[in-house]
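Below is one structure; the comments refer to it alone.
The values are calculated or read from the model by the stated rules, or taken from the named source; none is laboratory data. Owing to the predicted nature of the structure, the values given are computational and were not obtained by experimental measurement. When we count neighbours, we look across all protein chains shown, and the Cβ atoms used for this are built from the backbone with ideal geometry, even at glycine. These accessible areas exclude ligands, DNA and RNA; they are computed on the full protein's heavy atoms, side chains included. Shrake-Rupley method; radii C 1.70, N 1.55, O 1.52, S 1.80 Å.
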Amino acid sequence: MHPYHFFMHGLWMLMVFVASCAEADLQRRCERGTPQPSRQVLRCAAEYEAQAARPQDSALPGAYTVKTIIDQANGDAVHFLDTNTYPMHKAFAVDHLQYPPDGPFVNEYFYPQRRFLLGSVTYYEEPGIWAYELAPYDTASNDMIALAFRRIAGAAFFGGALRFHPTSEAQAQRAAELPADVPMVTTEALQAGMSFQPLTLGETCGRVHVTTAANLPFAVLGPRDLVVLDRASNDLVAVGGLVVSEFQAPLADANLRASRRPTPYLALKNASEVFEPLRNQWACLTVDAFQWQVTAVTEAEADAWFAAHPAPVVTVPALNLTVTDLVDVDDLGRGDVGFAGGTAANYGELRGIGGDVTVPDGFVIPMAEYQIFTVDTGLRDSLIQVTTDPSWDDPTFRRIIVDGLPQSMEDLSVQADLVARVEARIVLEFPGGKVRFIPSTNAEDLVGVASSGLHETAVVDPADPEATVERAIRTVWASLWSLPAVEERERASIPQLDVGMAILVQPVADGESAGGVAVTANMYDPAPGGEDAFIVNAQLAEGSVAQPAPGELVDSLVYYYFHNGQPATYYAHSSLVPEGGTVLTRFEMFQLGRALDAIRSHFRTIFTPPAGYGALPMEVEWKVVPDEVGDGTHIEITQARPYPGRGE
């Protein structure tokens with residue numbers, strides 16, 4: 001059932017229930033609802049619907065909300081606002097409650113002597129739950145919460161079903177001591193009743209291909225396919241749309257890759273069963289922040305959609321093959337993409353921020369060395385031959401060629417002088433420690449083409465005779481020709497040989513305890529004037545945010561760093577942490593917040609926020625590592641790149 005239909009059905013059931021208990025004249029008065037600036041009572045679903053809007057915060061899908069005010073200066077008067085007209089409490093208070101326009105309205109969230117109790121009543125469609133909610137940073141006492149809850153419950157037809165939903169960890173801790181007549185519902189309970197998770201928003205059409213992640217090596221897929229999987233996989237090539245059965249970490253590689261193109265991406269419980277009737281048929285999928293829809297279409301209709309929505313033609317920065325020396329990261333900046341790649345160039349920018357941004361030292365193997373490798377081994381001539389052959393345009397032929405290419409490169413020798421120079425540099429800068437070799441290409445940070453998880457990182461370990469410098473270099477270079485990487489370039493019409501591979505070399509800190517990915521803007525409420533916050537996905541070192549194992553959950557939260565008390569709203573907790581615990585301590589979270597704030601400020605001079613964003617969203621990878629002295633920990637930043645948004 002389409003989620004919107006579910007919402008209407010849920011309200012209709014409640015209308016029937018109320019009508020059965022109401023007087024006939026009350027039922028007649030509730031047959032139609034029209035928006036009013038505010039209502040003192042909500043007598044039926046029609047009146048709620050008239051006042052309701054989609055929440056500005058889209059972290060939880062399938063919801064409608066009505067803003068509420070309890071005016072303690074006027075006998076605890078209840079106001080259910082017209083939330084489309086008044087999405088912010090202050091505007092209503094100024095227009096209708098004589099609040100001074102230049103007054104410090106923020107105090108109404110913090111002061112014990114506040115005039116207003118501010119909140120909202122949200123109906124979550126699929127679990128069928130009515131929830132009274134405060135802003136995550138609201139410090140209302142339990143007495144205030146109980147007063148507001150009782151007034152609202154007594155003034156609404158859903159009063160007996162109302163629950164208090166804490167929207168931050170701090171509120172949840174206080175709410176544990178609420179009186180018995182204020183029942184509570186957790187975020188986890190709300191999510192348990194939801195069947196879908198919008199990941200990347202947008203519209204697409206394609207032939208429905210229902211399969212499993214394990215069968216991807218045997219499937220020939222492309223941009224005209226709408227793929228339905230049991231779980232996410234980094235082996236998936238660029239496709240038209242993606243639906244998976246497992247809910248996802250919002251900042252996992254698969255979702256970041258989809259958002260870069262963007263490719264509409266939906267997590268849907270029992271997705272294979274839902275889409276089975278459409279197997280091998282043409283369909284169009286729409287994913288938005290609160291609902292989704294799939295519609296069967298003809299092939300001609302799909303062709304018309306593709307004609308109206310051509311794939312982008314992406315131009316990559318030109319290769320600079322004049323730099324052949326190893327380059328220290330402190331000598332890099334955004335203008336060096338041509339020889340160092342996007343990852344390394346951004347890393348150089350990170351190193352220059354200083355202050356709260358701790359970034360390990362490192363150096364770069366420039367793209368010229370990859371070019372020398374391909375020429376010396378004869379690989380370049382072979383690549384020119386296969387990529388210019390007319391058969392290359394056939395996805396099946398292309399797959400046959402590419403499938404064996406990275407493996408064949410494993411048998412080629414890396415130039416001995418390069419290996420010697422890199423080994424000497426590692427001994428000089430990182431003696432005795434592990435070192436990470438990170439891919440960095442000139443096809444990164446570009447609109448319309450993905451890069452997350454396409455290439456392979458390698459580790460050099462002095463204690464492992466197999467983890468050598470030569471093998472690490474070759475592994476990273478070979479991953480430029482992985483099937484997902486090749487198909488990504490084909491989709492974006494990027495000539496294969498226009499892309500090179502540099503390598504960022506950085507130390508691996510001993511004792512890394514956790515890591516993750518963050519975005520420096522609130523992608524669930526991104527507009528100018530929205531709730532400014534950071535999005536954080538965190539996991540212990542033995543797990544992964546980028547590529548979680550099947551069934552693995554990570555801490556997923558919104559961190560309101562810029563608000564009083566810096567509350568955090570957790571939407572999922574790590575399956576590797578004991579119940580009630582979190583991956584990051586409060587101090588580690590604060591350290592991360594300071595770093596994210598500084599990174600956002602620095603890169604705002606380089607990148608422009610995507611359409612609809614008031615703040616610049618940078619995608620930032622980070623680690624928790626031990627201090628050199630003492631038992632403490634600190635945050636190290638390992639990568640940063642612009643985040644394109646969730647799609648539209």
- Message: Under 8 Å between Cβ atoms, which residue pairs at least 6 apart in sequence (or on different chains) link something in region 87-112 that is under 23 Å from A53 (Cα atoms) and open to solvent by 50 Å² or more (accessible area, probe 1.4 Å) with a partner that is among the hydrophobic types (A, V, I, L, M, F, W, C) and assigned to a helix (DSSP H, G or I)?
- Response: K90/F105
- Item | Unique match (being of a type in the set (S, T, N, Q), in a loop (DSSP other than H, G, I, E, B), more than 28 Å from the chain's Cα centre (by Cα) and farther than 24 Å from Q506 by Cβ) among S382, S413, S391, S408 | S413
- Task: Return the total of residues in region 133-173 being farther than 13 Å from T68 by Cβ, outside any helix (DSSP H, G or I) and charged (D, E, K, R).
- Result: 1
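The rows are residues; the columns are (1) touching a residue at least 60 places away in the same chain (Cβ under 8 Å); (2) among the β-branched types (V, I, T); (3) buried (at least 20 other Cβ atoms within 10 Å of the Cβ).
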| site | (1), (2), (3) |
| --- | --- |
| G128 | yes, no, no |
| D138 | no, no, yes |
| N142 | no, no, no |
| F164 | no, no, yes |
| S168 | yes, no, yes |
| T187 | yes, yes, yes |
| Q191 | yes, no, no |
| V208 | yes, yes, yes |
| L229 | no, no, yes |
- Quick one: which residue in L251, L285, L266 is open to solvent by less than 30 Å² (accessible area, probe 1.4 Å), modelled with pLDDT of 95 or more and farther than 10 Å from L199 by Cα? L285
- Every residue from region 88-110 that is under 18 Å from L134 (Cβ atoms) and either of a type in the set (K, R) or touching a Pro at 6+ places or on another chain (Cβ under 9 Å) (or both): K90, F92
- Query: Restricting attention to region 575-590, does a residue exist that is closer than 18 Å to A267 by Cβ and either open to solvent by less than 10 Å² (accessible area, probe 1.4 Å) or at pLDDT 95 or above (or both)?
  - Reply: yes
- Query: For V274, which of the numbered conditions (1) among the hydrophobic types (A, V, I, L, M, F, W, C); (2) in contact with a Leu (Cβ under 7 Å, 6 or more places away or on another chain); (3) open to solvent by less than 40 Å² (accessible area, probe 1.4 Å); (4) under 30 Å from Y123 (Cβ atoms) fails to hold?
  - Reply: (3)
- Flagged pairs (Cβ under 9 angstrom, 6 or more apart or on separate chains; first in region 382-399, touching a residue at least 40 places away in the same chain (Cβ under 8 Å); second loosely packed, with under 11 Cβ neighbours inside 10 Å and among the basic types (K, R)) are none
- If you take just the strands (runs of 3 or more DSSP E) that sit entirely in region 262-377, which of them hold at least 2 residues that are under 23 Å from T200 (Cα atoms) and under 25 Å from the mean Cα position of the chain (by Cα)? 265-268, 282-287, 292-296
- Item | All strands (runs of 3 or more DSSP E) inside region 440-547 with 3 or more residues being touching a Leu at 6+ places or on another chain (Cβ under 8 Å), open to solvent by less than 30 Å² (accessible area, probe 1.4 Å) and closer than 29 Å to G581 by Cα | 514-519, 534-540
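In region 193-206, how many are surrounded by fewer than 17 Cβ atoms within 10 Å (Cβ to Cβ) and assigned to a loop (DSSP other than H, G, I, E, B)?
Result for region 193-206: 1.
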